[in-house]
Amino acid sequence: MIRVNETVIIRAAPTHVWHKIADYAFDEQWRDGLIEMNATPPGPAALGTRVSEVLQRGGRTYVGTTTVDEIEPGVGYGFSGEGPSGRITGSRTVQPGSIRGTTEFTYAFDLQPGLFIRALGPIATRIARSAMKRDLATLRTILEHEVRFPSNTLLPDADSRE
């Protein structure tokens, strides 16, 4: 069993973080190697949302399908499914951080690996954990930048400065 459970503190409101992580289409912006992500129906995660993803890691392509099977809007959701890499169950949760204006986002999954990944042994867990830490750092950077520079803020361009 490969078990990964990582938490990142994001300087953004829980509602902002929830809005982003509940939309699977946003995953393509922060998950390295994710080349395709399709949710049916599109939009925020809901009970029964079916997700197919194509991920490239280590020179291999992995295709998986999961279904949202638990949800508490604004707080978290659980998913399960399978693909060539094995059977997966996981969750994404959002809660207010201990410092005002921050959010703790936790992304966790358990993978019952297929033969190829099982052959990698303990290194597979280290690879998965390392990849998730990098992805969560990217997510934090994107969301904190959005909070600091909202899209509705007009920033002067270089040509308008004297």
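For the reader, a short list of remarks on this structure follows.
- Subtracting the Cα-Cα distance of residue 1 and residue 142 from 0.36 nm times their residue separation leaves 47.7 nm of extension gain.
- Cα-based helix-to-principal-axis angle, 122-148 vs the chain, degrees rounded to 10: 20
- For the chain, the per residue solvent-accessible surface stands at 60 Å², with DNA, RNA and ligands left out and a 1.4 Å probe.
- Contact order, relative form, for the chain: 27 percent (alpha carbon pairs under 8 Å, 6 or more residues apart, mean separation divided by residue count).
- Electrostatic bookkeeping for residue 95 treats Lys and Arg as +1 and Asp and Glu as -1; over the other residues with beta carbon under 14 Å from its beta carbon, the sum is 0.
- Gyration tensor verdict on the stretch 13-73 (Cα atoms; rounded if a/c is under 1.5, prolate if a/b is larger than b/c, oblate otherwise): oblate
- Each principal axis of the Cα atoms in the stretch 1-120 has its own extent, and those three values, largest first, are 45, 30, 24 angstrom.
- The accessible area of residue 132, taken with all protein chains in place and a 1.4 Å probe, comes to roughly 10 Å².
- Rolling a 1.4 angstrom probe over the chain with all protein chains present gives an accessible area of which 54% lies on carbon and sulfur atoms.
The values are calculated or read from the model by the stated rules, or taken from the named source; none is laboratory data. Treat the numbers as computed from the prediction; the structure is a model and nothing was measured. Don't worry about glycine lacking a Cβ; one is built from the backbone with ideal geometry, like all the others, and counts go over all protein chains shown. Protein only, heavy atoms only, side chains kept; ligands, DNA and RNA dropped before computing areas. Shrake-Rupley method; radii C 1.70, N 1.55, O 1.52, S 1.80 Å.
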